[in-house]
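Beneath this line is the structure, given in structure tokens, with notes to follow.
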Amino acid sequence: MIFQKTIQKEISLTGLGLHTGESVRLVLKPGEDNSGIIFCRKDLKPSPKVKVSAEFITDTTLCSTLEKGNLKIMTIEHLMSALHAYGIENIIINVYGPELPILDGSSIPYLHLIKSAGIKDLPSEKQFIKVKKAIKYEHDGKFAMLEPANSFVVDFSIQFPHPVFAERNNEITLDLYKDSYFEQISRARTFGFMQEVEYLRSIGLAKGGSLDNAIVMDDYNILNRDGLRYEDEFVRHKVLDAIGDLYIEGLPILAKFTGFKSGHEMNNQLLRLLIKDKKAYEVVSIKDTDETIYSNIANHYNQLEYKNDERVGSL
């Protein structure tokens, strides 16, 4: 049996929000089985909370924003990506501010945080959203699509009219249950263009952005002194985002995701289309009689178990 997971103990960190520029404290607490991923704004009284769902993503301007009533939390996608990679579907996320910390612009600080808290199995069996038929969302020459598959495969490609992108590979395919998210995806940082940063700051966004938490380009070059962490870091970060955005129903998806120039908005609209069509998916558990599927997924989670022997995927 593949069990649901949470963290072993409470853990916290403090960092700056990418868009607000405000210092914010984040506290992760263990959740009970079948409780889901719950965000709570602890700086507000009374403290509003919400269980993650695609319907509560209200703003996708350069990030995924969770909003219900007076609860609003920006930039949840990097933490959601890390939770997806670790298979954690039950956790309480207390936030003391309107945005999650950007940290270094990737998901690896969140992986370290989760690793430090430890991961434990819960009594209930893990469930998956299994896609049964193709679902596609298209707009303005871009598209995002989900197709049936016995794993979670991401096939992503990007295009930007900038010299830096002309010099490198802008396509990647990753199988979450066979390839190493930790080695291939987790260190990829968010990116932007200097002229966009200046505009965003003029409208009250990107106040916390810097070369310490993003890749920034002028008209011709990358401005970060240390360059890129991966030769194709840009498309890898888009995969990181998609893995987070597609976890916002709180359950792992069994499907092939194909994204062409897709971003937070398209990812969210695709997920909404899927959930709306009850014939397009089913919620299933993976039985050990489904030998190939069970073996790949069970081995993936077993390699990530963190008890007292540091058996965690390479960070």
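The values are calculated or read from the model by the stated rules, or taken from the named source; none is laboratory data. Just so it is clear, the model here is predicted, and its values are computed rather than measured. Please note: Cβ atoms are built from the backbone with ideal geometry, for glycine as well, and neighbour counts cover all protein chains shown. Accessible surface areas use protein heavy atoms only, side chains included; no ligands, DNA or RNA. Shrake-Rupley method; radii C 1.70, N 1.55, O 1.52, S 1.80 Å.
Here are the numbers for this structure:
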quantity	calculated
Selection status of Leu211, buried (at least 20 other Cβ atoms within 10 Å of the Cβ) and more than 15 Å from the chain's Cα centre (by Cα)	no
Filter result for Leu228 (touching a Ser or Thr at 6+ places or on another chain (Cβ under 8 Å) and either at pLDDT 95 or above or in a loop (DSSP other than H, G, I, E, B) (or both))	no
Check on Ile275, under 24 Å from Thr6 (Cβ atoms), touching a residue at least 60 places away in the same chain (Cβ under 8 Å), open to solvent by 10 Å² or more (accessible area, probe 1.4 Å) and in a helix (DSSP H, G or I)	yes
Residue, nearest to Arg41 (Cα to Cα), within region 59-68, restricted to residues that are open to solvent by 10 Å² or more (accessible area, probe 1.4 Å) and modelled with pLDDT under 95	Asp59
Matching option when the condition is open to solvent by less than 10 Å² (accessible area, probe 1.4 Å), within 24 Å of Gln184 (Cβ to Cβ) and in contact with a Gly (Cβ under 6 Å, 6 or more places away or on another chain), among Ser107, Ser81	Ser81
Residue satisfying condition, being over 17 Å from the mean Cα position of the chain (by Cα) and over 24 Å from Ala166 (Cβ atoms), within set Ile243, Ile275	Ile275
Only one of Val216, Val239 that is open to solvent by less than 10 Å² (accessible area, probe 1.4 Å) and not in a loop (DSSP other than H, G, I, E, B)	Val239
Pair list, Cβ under 6 Å, 6 or more apart: region 242-265 residue outside any strand (DSSP E or B), other residue polar (S, T, N, Q) and surrounded by fewer than 21 Cβ atoms within 10 Å (Cβ to Cβ)	Leu251/Gln127; Lys261/Gln159; His264/Thr60; Glu265/Thr60
